[in-house]
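Peer 1: Structure incoming, see below.
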Amino acid sequence: MRQRSKFSFKAKILSLIVAVGLIFGGLIDNPFVSTNAAPASVEAATTDYGLASDIQDGVILHCFNWKYNDIKAELKSIAEAGFTSVQTSPAQVGVCSGVWYWLYQPLGFYIGTNDLGTKDELKSLCEEAEKYGIKVIVDVVANHLAGDHSNIQNDLKNGQYWHTYGEVHSWADRYQVTRGEIGMPDLASENYYVQQVVANYINELKNIGVDGIRWDAAKHIQLPSEGCSFWPTVTAQGLYHYGEILVGPDDRGSGNEGLMKEYTNYMSVTDSTYGKTLRDSFAAGQAPASYGNWAAKGISNDKLVYWSESHDTWSNGYDWGYSHGMSQNVIDRAYAVAASRNEITALYFSRPNSNVKQNIYAGQKGSTAFKSTEIAAVNHFHNDMNGQKDYYATSNNCSVVSREKGAVVVAGSGSNFYVTVTNAGGLTEPGTYYDKITGAKWEVTKTTMSGQIGSSGIVVLYKDGFGGGGEVVMPPIDPIIGGTVYYKNTNNWSTVNAYYWSDSNKAMMAWPGTAMKNEGDGVYSIVIPEGVQYIIFNNGQAQTDDITLQGVNKIYENGSWSDYKVVEEPEDPEDPVEPVEGNIFFKNTANWSTVKAYYWSDSNTKMTSWPGVEMTKVDGNIYGTTIPEDAQYVIFTNGSGAQTADITLTGLYKLYDNGNWSDYGTKTEKPEDPTPVGNYIYFKNTSNWSTVKAYYWSDSNTKMTSWPGKAMKNEGNGVYSIELPKDAQYIIFTNGNGAQTSDITLKGMNKIYNNGNWSNYQ
């Protein structure tokens, strides 16, 4: 359990935007300075909260899809957490309403009413943010407009304002990258009138109080060296600018460094590749060896924006990045490395409530994990250390970022352990320091740092009294009223416990806590008393990190809280439930007009002829059909060329949705035999063995059966059963032909073994 401390931070006038790149050596020579002078009231607010005076020197909170009014309501918390800037999704009107990506298919260059709110609400957000010293960044889509030109702004409909190359086929060809289509018609950015239209829009944003611009798809717009004056024209208004440049100006492994440097004449640039390196390393349990990507290629640190994840890596599924499969703690560790660097700005992404691309809606508030103690500590460190040298090293599987007056240590894996690591570059002044997250004492010498790493795996060290502004005290987290809290058991633990506590009462219960109630579909619940502030979910051995509660009637899943709606029981439970037609199902997210299923097995690949049997719509865009029980593989197709890859079946009555199977549908027939009563054990045959056998024994009698054991009974849906003697203690499941599990300890009878875990069998 983490010992939480109410720590204070010394504020600064300058701050750093959360950086992921790591530099060996000294100070950056040319820090970005905003051309907008802040009024005295803004400077006072900046000092009050310890924020940076300009965007590049601070850190950015990406309020992806949040309504303007929802951001406005959180401004005090955002300032207290040390964020200098907030970033909104596009203020342009999208081609449709609803799903998030419609905002990235705009109809023109003007502030309109969209899913985020109105122009007046955006202006109000800017005015309120100014009171806290917070800057507002707006995402701008300028490379393209919506594919259907019938509704775009009239003055841009003429063909002279558009490129006619067609789709991009080679991402290493700069000409195609800047003149080809990426799903939507490509604007002729070199056209003078197009440039003026976009520049006027930037002025419109500036006039209502916007401080910075994030340029979507910046790599797809030409540079002056390529005969285009777009960037000097649209960045001349004195705002902060940074451009989304995924991988690089093109996808060559090298040779485009000069183009990237040219972009920095007009804006800061993202280092997406380094963000991927950081999160992949921590996901694998390893401190990253690299200190940066573009920094190592000569791009000045004061022109870099780092992130541990972005809306593209989260929301675009398997298109690029896959960060939505990583825990919030992995992302936070990566962010801590990024944001502890000098001069590089860093972005913290507020995760949406869904990780399915089609289910992420504009206007829905995302995660408030940014309020956590560790993120606030990292942000204030970033701000307080601005202008100091930094040095990056790895030691004892920890990332170490040394600054002259402090350091950040991030464990590659694990938590709650004592460690000694290098004082990277001998940069941090020797002395006694305290972790701003846990309060743990650390001793720093010229060569080493030693102390306790807390449950988050992140340590933030600097001495009290350091700083250039007023004192900022992180407020205690408000106690939660009593009620029900839910947990999504994505790890398939056989038992789920909840251990909870508050700052005033650390001993509400003994470890590992209270067993949670199984609500079905992997959801577990517990009723907590009033005053609880923190919780850990665990199975008695494996566990989550310390989690800050955000209210009751909420569910915790994959690092984020969201509202949980209790499904009401049907009014008449005696009425029979109509079964869904079929035993295998497919979510038609591509909106095919026809959906077919082609299925086969290893022993019979001719179960149906290509392109398969036509599926029936059963609910919305979900289609179903009935296939044989011995089918092992399936391909879903529209019958006209579009299709999935080969998919391995994981059982019947399952739904395939964007690469994942989940339970769906209802059997129409009752089982032939009731569940046996007695000492039965069950096994889920996920390897699709044609025969399943069980070899079992005890410490006193290892000859209960001869190898490879007795044949198990096929119960259907991949489940096999066998009755065991009462004194059996160990078991091996095998196909009798070389494939087998390891030795398994029995956990009682009437249980099922599935992918390494036991659970009760109903």
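None of the figures in this text is laboratory data; all of them are computed from the coordinates on show. For clarity, every value in this text was computed on a predicted model and none was experimentally measured. Every residue, glycine among them, receives a Cβ derived from its backbone with ideal geometry; neighbour counts consider all protein chains shown.
Peer 1: May I ask you to sort Glu262, Glu127 by Cβ crowding, counting other Cβ atoms within 10 Å and putting the fewest first?
Peer 2: Glu127, Glu262
Peer 1: Of Cys63, Cys126, how do they rank once you tally other Cβ atoms within 10 Å and put the fewest first?
Peer 2: Ascending number of Cβ neighbours within 10 Å: Cys126, Cys63.
Peer 1: List the residues whose amide H sits under 5 Å from the amide H of Gly639, counting only those 5 or more places along or on another chain, with H placed 1.01 Å from N in the peptide plane.
Peer 2: Lys596
Peer 1: Further, regarding this structure: Spelling out what I want: for every residue of the stretch 636-644, take phi, set θ = phi - 60°, compute 6.51 cos²θ - 1.76 cosθ + 1.60 (Karplus), and round to whole Hz; glycine and proline get x.
Peer 2: In residue order, the calculated couplings are 9, 8, 8, x, 10, x, 7, 6, 7 Hz.
Peer 1: Net charge around Ser450, counting only other residues with Cβ within less than 14 Å of its Cβ (Lys, Arg = +1; Asp, Glu = -1)?
Peer 2: So the environment of Ser450 carries a net charge of 0.
Peer 1: Peptides 352-361, 295-304: what's the order by average Cβ count within 10 Å, highest mean first?
Peer 2: Sorting 352-361, 295-304 by mean packing, highest first, produces 295-304, 352-361.
Peer 1: On to the next question. With respect to the cross-link table entries Lys693/Lys751; Lys119/Lys365; Lys72/Lys436; Lys565/Lys654; Lys135/Lys405; Lys206/Lys303, which display a Cα-Cα separation exceeding 25 Å?
Peer 2: Values: Lys693/Lys751 16 Å; Lys119/Lys365 19 Å; Lys72/Lys436 28 Å; Lys565/Lys654 23 Å; Lys135/Lys405 27 Å; Lys206/Lys303 21 Å.
Distance filter (> 25 Å) returns Lys72/Lys436; Lys135/Lys405.
Peer 1: OK, next. Roughly what percent of Cα-Cα pairs across the stretch 584-663 reach past 14 Å?
Peer 2: Summing the P(r) tail past 14 Å for the stretch 584-663 gives 56 percent.
Peer 1: Jot down the per residue volume, in cubic angstrom and as a whole number, of the convex hull over the alpha-carbon atoms of the stretch 483-563. Mind dumping the intermediate values first?
Peer 2: On the way: hull volume 6.8 nm³, N = 81.
Hull volume over Cα atoms, normalised by residue count, gives 84 Å³.
Peer 1: Got a sec? How would Tyr263, Tyr335 order by Cβ neighbour count within 10 Å, fewest to most?
Peer 2: Details: Tyr263 23, Tyr335 34.
So the residues, fewest neighbours to most, are Tyr263, Tyr335.
Peer 1: Counting only other residues whose beta carbon sits under 9 Å from that of Lys135, what net charge do I get with K and R as +1, D and E as -1? Present the calculation step by step, with values, prior to reporting the outcome.
Peer 2: On the way: positive: none; negative: Asp54, Glu130, Asp211.
Here the count lands on -3.
Peer 1: Hey, what does the equivalent ellipsoid look like for the stretch 16-395, semi-axes from the Cα gyration tensor as sqrt of 5 times each eigenvalue, largest first, whole Å?
Peer 2: Result for the stretch 16-395: semi-axes of 29, 24, 21 Å.
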